[in-house]
1. Out of everything in the range 240-253 that is without any contact (Cβ under 8 Å) to a residue 40 or more places away in the chain and within 16 Å of T163 (Cα to Cα), what residue ends up being surrounded by the fewest Cβ atoms within 10 Å (Cβ to Cβ)?
2. Whether any residue in the range 215-228 is modelled with pLDDT of 95 or more, within 21 Å of I131 (Cβ to Cβ) and surrounded by 17 or more Cβ atoms within 10 Å (Cβ to Cβ) is what I want to check.
3. How many residues are within 15 Å of the chain's Cα centre (by Cα) and among the hydroxyl-bearing types (S, T, Y) if we restrict to the range 171-200?
4. Can you tell me which residue is surrounded by the most Cβ atoms within 10 Å (Cβ to Cβ) among those in the range 43-79 that are farther than 25 Å from A244 by Cβ and touching a residue at least 12 places away in the same chain (Cβ under 8 Å)?
5. I'd like to check something: does the range 176-199 contain any residue that is buried (at least 18 other Cβ atoms within 10 Å of the Cβ), modelled with pLDDT of 95 or more and not acidic (D, E)?
6. Are there any pairs with C-beta distances below 7 angstrom linking a residue in the range 167-196 that is farther than 26 Å from L235 by Cα to a residue that is part of a helix (DSSP H, G or I) and small (G, A, S), with the two at least 6 apart or on different chains, and if so which?
7. Can you name the condition, by its number, that L82 falls short on among (1) outside any helix (DSSP H, G or I); (2) in contact with a helix residue (DSSP H, G or I) (Cβ under 7 Å, 6 or more places away or on another chain)?
8. Only one of (1) of a type in the set (G, A, S); (2) surrounded by fewer than 23 Cβ atoms within 10 Å (Cβ to Cβ); (3) within 26 Å of S93 (Cα to Cα) fails for S157. Which number is that?
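The values are calculated or read from the model by the stated rules, or taken from the named source; none is laboratory data. On a predicted model such as this, the values are computed, not experimentally measured, just so you know. Quick reminder, even Gly has a Cβ in these numbers, built from the backbone with ideal geometry, and neighbours come from all protein chains shown.
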Amino acid sequence: MSATTAPWPVASIANPHPPVPAGRVFVALLSRDLRVARRELPFFLIRTVMQPILFVIVFGYLLPKMGFTQPGYQAALLPGILALSLMLASAQSVTLPMVTEFGWTKEIEDRPLAPISIDLVAIEKIVNAMIQGIIAAIVVLPLARLVMGPVPGFTFSHFPELTLVVVLSAAAASAFGLLLGVLISPQQIGFMFSLIITPMIFFGCAYYPWRGLDVVPWLKYAVLVNPLVYISEGLRASLTPSVAHMPFIAIIAALIVLTGGFTWAALVRFRMRALG
């Protein structure tokens, strides 16, 4: 045997374990987070479903029964309630854990140690929140439909458009939630709900269609900075297309731009906090 020949591969000594593919690590992190969410499913559903269902009972059942709303109002309300459920579930599923992990528990310090890029760690958080937001919307839909009764113009005939809107909406809301989670400290949680989430809900066209704001032109264009507007209008265009709504192509374009912008800003801030 020559002096330059080793009885075993040198690479096996330097690295006895082959590198784990990034995709496998990503799936493992996602599976872990989903397993935790599954254990907390009852609390998750109560947190995300309670408020929308209460609004459905009051605005979709009681007020129409009392004659305080116009006939057909449920057609405008139902997609907005689903949008609200999807938005809150997606955003809260990533915002609250991020605030905790960066704040009290410092759990986020372990994530950069995983054999995966920091950006993929953050994207895994977004995907996890997307799944939870979609589940919340799926749960709320039959409950809201049961409480409201017949909804004029309600249809699943635009299912491909509905699927596209739901996925893009969940992505935009989750990316927005991650951005909030890496910007806000635990002491500012109350500030977040008071000055960010609450105005988004009331001016997000969840309880009225965007075209209804034609009577207040300045507000009609001011609310376009609100991502919930596009989620609500996208679900109206897909589920109750007979209700006047924003052009579908404009909705999709806005959701894509918002998802990209929120994701980019969240990744930049996530890297700074995770590594700093």
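1. Initially, the range 240-253 is screened for residues without any contact (Cβ under 8 Å) to a residue 40 or more places away in the chain, giving 244-247, 249-250, 253.
Checking the rest, the ones that are also within 16 Å of T163 (Cα to Cα) come to 249, 253.
Values: I249: 8, A253: 12.
Only one residue tops the list, namely I249.
2. Yes.
3. Within the range 171-200, residues that are within 15 Å of the chain's Cα centre (by Cα) and among the hydroxyl-bearing types (S, T, Y) number 1.
4. T48
5. Yes: the range 176-199 contains one or more residues that are buried (at least 18 other Cβ atoms within 10 Å of the Cβ), modelled with pLDDT of 95 or more and not acidic (D, E).
6. V182/A266
7. Result: L82 passes all but (1).
8. (3)
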